[in-house]
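Working notes for the structure below.
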Amino acid sequence: MAEGADHLVDADDIDGVTRAVLTTSRVLVAIAARSLAAVEGTVTLAQFRMLVVLSTHGPVKLVALAQQLEVNPSTAMRMADRLIATGLISREVNPTDRRETVLRVTPPGRRLVNEVTARRRDEIAAIVARMAPPQREALITALTAFTDAGGEREAESPDQPRYPLGWAETVPPGGADHDRR
């Protein structure tokens, strides 16, 4: 049995573990919402996701960007047009194929991503600091197992982008290692 703040959770009780994860997700969603609140008039959550992709992957064609965001190209174009109007991204001629255009995050767009990410990191760090060292160690173990099972890569690891998208590709039933068995 794993210890919660005020109760014990039976690790074999999938519903109990699921409730604990859902509760945690509410905390994380609230942190994400607060981190964006300071720029609420500037960008929407969807537009912020676009900025994150462009910050991570560099200049990209609209169709590829739409695929990464899992939206229609027309939706991506509307989002891009709004971000271009605010000066957070730019549209440029593709240097490798002058018939194409690419979208690129601008320095103000990169600053916005950095600021929002820093606010999120600071708030999470404050919560983690209130936990005892053994709880932090258990949290690392549990969250690493959870993200591995969900197919998500570690944030800010040397071989990964600085701003991972935060949503993994579809994971097969049974977890990320299911196909390797």
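The values are calculated or read from the model by the stated rules, or taken from the named source; none is laboratory data. Bear in mind that the values here come from a model prediction, so they are computed numbers and not experimental data. Neighbour counts run over all protein chains shown; Cβ positions are idealised from the backbone, glycine included. Ligands, DNA and RNA are excluded from the accessible area calculation, which covers all protein heavy atoms including side chains. Shrake-Rupley method; radii C 1.70, N 1.55, O 1.52, S 1.80 Å.
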If Met131 passes every condition in (1) open to solvent by 40 Å² or more (accessible area, probe 1.4 Å); (2) more than 30 Å from Ala11 (Cβ to Cβ); (3) assigned to a loop (DSSP other than H, G, I, E, B) but one, which one does it miss? (2)
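Please work out if Val39 is open to solvent by less than 30 Å² (accessible area, probe 1.4 Å), touching an Asp or Glu at 6+ places or on another chain (Cβ under 8 Å) and not in a strand (DSSP E or B).
yes
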Subset of the range 109-121 (residues that are without any contact (Cβ under 8 Å) to a residue 12 or more places away in the chain and surrounded by 12 or more Cβ atoms within 10 Å (Cβ to Cβ)): Arg111, Asn114, Arg121
Which pairs do you get when a residue that is of a type in the set (Gly, Ala, Ser) and part of a helix (DSSP H, G or I), found in the range 8-24, comes within reach of a residue that is at pLDDT below 90 and surrounded by 10 or more Cβ atoms within 10 Å (Cβ to Cβ), reach meaning Cβ atoms under 7 angstrom, with the pair 6+ apart or on two chains? Gly16/Val9; Gly16/Asp10; Ala20/Gly4; Ala20/Val9
Which residue, of Ser90, Ser74, is of a type outside the set (A, V, I, L, M, F, W, C) and surrounded by 15 or more Cβ atoms within 10 Å (Cβ to Cβ)? Ser90
Here is a list: Leu51, Leu143. Which entry is within 14 Å of the chain's Cα centre (by Cα), of a type in the set (A, V, I, L, M, F, W, C) and either within 23 Å of Ala32 (Cα to Cα) or assigned to a strand (DSSP E or B) (or both)? Leu51
Here are Pro164, Pro73: which of them is modelled with pLDDT under 85 and within 28 Å of Leu54 (Cβ to Cβ)? Pro164
Residue satisfying condition, being modelled with pLDDT under 95 and either of a type outside the set (Val, Ile, Thr) or surrounded by 12 or more Cβ atoms within 10 Å (Cβ to Cβ) (or both), within set Thr101, Thr96, Thr106, Thr141: Thr101
